[in-house]
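The structure appears right after this line, and notes come after that.
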Amino acid sequence: MMIDLRSRAKELAKEAADYSRQGIALIKSGDIENGHALMKKANETGKRCRVILQQLVALSDSTIVS
């Protein structure tokens, strides 16, 4: 389960970074509306990634205690 969560966290982090890069590129090219939408997706994806990372920490904490 931890390996699945790690893989998913890595995927989400990569997605968030990609959305952010694309958003910045669009904003720089003048397409502010679509750039902002991608930055919002990056933020939301980052939040999902943080939730998974918190689950991983909780799992490792419970493994250490056990």
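General remarks:
- Matching residues in segment 1-22 - criterion: being among the aliphatic types (A, V, I, L, M) and open to solvent by less than 60 Å² (accessible area, probe 1.4 Å): Met2, Leu5, Ala9, Leu12, Ala13, Ala16, Ala17
- Among the residues making up segment 30-66, a single one is among the small types (Gly, Ala, Ser) and open to solvent by 90 Å² or more (accessible area, probe 1.4 Å): Ser66.
- Per-region count, segment 1-53, residues touching a residue at least 12 places away in the same chain (Cβ under 8 Å), within 30 Å of Thr63 (Cβ to Cβ) and assigned to a helix (DSSP H, G or I): 16
The values are calculated or read from the model by the stated rules, or taken from the named source; none is laboratory data. As the structure is a computational prediction, the values presented were derived from the model and not from experiment. Every residue, glycine among them, receives a Cβ derived from its backbone with ideal geometry; neighbour counts consider all protein chains shown. Calculation scope for accessible area: heavy atoms of the full protein, side chains included, ligands and nucleic acids excluded. Shrake-Rupley method; radii C 1.70, N 1.55, O 1.52, S 1.80 Å.
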